[in-house]
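This report concerns only the one structure given below.
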Amino acid sequence: MIDDRQEELAALHALDLLEGAERDQFVAELERNAELRGRVGDLRQAAAALAHLAPAAEPPAALKARILASASGSASRGRAPEAARTARPKARPVPVSSWIPWLAAACLGVAAIWSGRLYLEARSESASLREQQRLAQRALEQTRGQLADATRLLSASGREIAELGAKLKAEGDLAHFKISMLASMLGNSPAALAVAVWDPTREQGVLAVSRLPALAAAMDYQLWVIDPQYPSPVNSGVFAVDPVTGEAHVVFRADKPIKSAAKFAVSLERKGGVPSPEGPIVLLSR
Amino acid sequence: MSLTLAILPGPSIGPEPDARWRGLKGLFLMTPAGDLDSGNACARENAELLRRMAGGDRDALAELYDRLSRPLYATARHILNDASEAQDVVHDVFLALWENAGSFDAGRGAAFSWAVTLTRNRSIDRLRTRTNRARLLASSSPDDLGYGSNPGDIGTGDRAELVERADAVRSAVDALPAEQKRALELAFFSGLTQKEIAEKLNEPIGTIKARIRRGLIKLRDKLTHRL
């Protein structure tokens, strides 16, 4: 007689839903209860019918060939026991020594399985390491490429920085230059223009003038640098202007060392110049 | 009491009982007489194929494949939702049947039941290996188990027989109360434990056990009655 509890356990067992101790206890109960075993078989087959609820699906044609090919390499175990049953003599005590070869074979079998497992684990680990190495190599190559790009960029930047530095230096040098506009001091040449640029480092200057009247052959324009350290202007040479345009472009140096070119002046002197200004001042720094 | 399969002819089958029986033969209806003595031709044929396989007959394996592969493949695919894994499972199951055919005892159950059990267990093992429990709980749903889905076009001949067989089971399951049907579907296809089914359906575990028990017994009774 099967009670409700047994029937419930049988249904759950038929669907393989029993676990742990509950399953173990029920399996033990099954061994003792043939009627219960029958009920489980009954319900298991009803449960198997649920397979028909799955949406229909056609297995690929190649699957059958694959199974048959696998079966060719794997003998059905049903034949061996059958043959063994017909040929086997009545059981009798077996001497212990006869077990030794079997024991050795079993040990070898276990060792082979263990070695195989170790081999598979090692192979898996090796594959993993190879993959890691491949990824690391790729990362290294990428890093090298980035480094080369960065180097090229840095080199280009270096050139730009050098050029910029040179430019800044030039601008800095320019800042050191003394630039003066000179104004006409004579009524007969009010349109005259002049610019004097003085490089204190090199103690050299440039004077550019225009619209200065041309002079008689016995006369010269003479340039002077006024440095407070000296009591009188320092001679910086004579020059003549183009008789048509009244222009002149003169690179000049002072006769004495100049610490501070405070002003520039141009005077009208006799031909060849004089040590100290004698004639009238034509142009003077503003 | 040992129960085995039987096809029981009777007036309740309808005006064309033979056609319907052809589609339903092979279902698992138990009689105390044992499977081989039950008159279930399909089950007897399957058992005979296994006997031949035990003798190394590969043609018998091919024939058994033709008879069982579709529902087994459909079951594995439905559980795993992966055609490639389903093929592997079916391959392994038929190889297991081939290698262990000699241990088959028709008195303890039908070949189809054995094959389905192997297929389901291997599929669920793969599913549990592949999917962690939380994901399993989150992804499985009674509504997406495909019970209501279109069985698809599976052709004629043997396949039509399969469709009839599936229709018979569907009708029997449809007749169950909805809560029992859902519990059985989850129990068979989802790979969830009793506790997880209870959590999924938000019911006490005792209720779930009772539903599975009542549903399975009714299913057996309904299939028996129809046949």
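Bear in mind these aren't lab numbers, they're just calculated from the coordinates by the rules spelled out. Predicted, not measured: the structure shown is a model, and the values here were computed from it. Cβ: placed from backbone, ideal geometry, glycine included. Neighbour counts: every protein chain shown.
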Seminar exercise, completed: Using the Kirkwood formula on alpha carbons, the hydrodynamic radius of chain A in angstrom works out to 32.4
Problem set entry | Out-of-range pairs (alpha-carbon distance over 21 Å; input A:K167/A:K256; A:K178/A:K271; A:K178/A:K256; A:K167/A:K263; B:K195/B:K222) | A:K167/A:K256; A:K178/A:K271; A:K167/A:K263; B:K195/B:K222
For this session: Report, largest value first, the span of the C-alpha coordinates of the stretch A:1-48 along each principal axis, in whole Å.
Result: 25, 23, 18
Exercise. What's the average, rounded to a whole number, of partner chain beta-carbon atoms within 10 Å of each residue's beta-carbon in B:51-60?
Worked result: 3
Problem set entry | Rotationally averaged projected area of the stretch A:103-152 (alpha carbon convex hull; nm²) | 3.2
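Using Cβ contacts closer than 10 Å as the measure, can you line up A:Y221, A:Y230, A:Y119 from fewest to most?
Arranged by neighbour count, lowest to highest, A:Y221, A:Y230, A:Y119 become A:Y119, A:Y230, A:Y221.
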For this session: Return A:M181, A:M219, A:M1, B:M53 ranked ascending by Cβ neighbour count within 10 Å, so the fewest neighbours appear first.
Result: A:M1, A:M181, A:M219, B:M53
Exercise. How about the stretch A:174-268: which trypsin sites (Lys or Arg not before Pro) there are in a DSSP loop, with at most 15 other Cβ atoms within 10 Å of their Cβ?
Worked result: A:R202, A:R211, A:R253, A:K259
Exercise. Where does each of B:S123, A:S124 land when they are ranked from fewest to most other beta-carbon atoms within 10 angstrom?
Worked result: A:S124, B:S123
Seminar exercise, completed: Stokes-Einstein, Kirkwood over Cα pairs, the stretch A:176-284, 37 °C, 0.692 mPa s; D in µm²/s equals 239
Exercise. For A:A183, which sequence-distant residues (separation of 5 or more, or a different chain) have an amide H within less than 5 Å of its own amide H, given hydrogens modelled in the peptide plane?
Worked result: A:L284, A:S285, A:R286
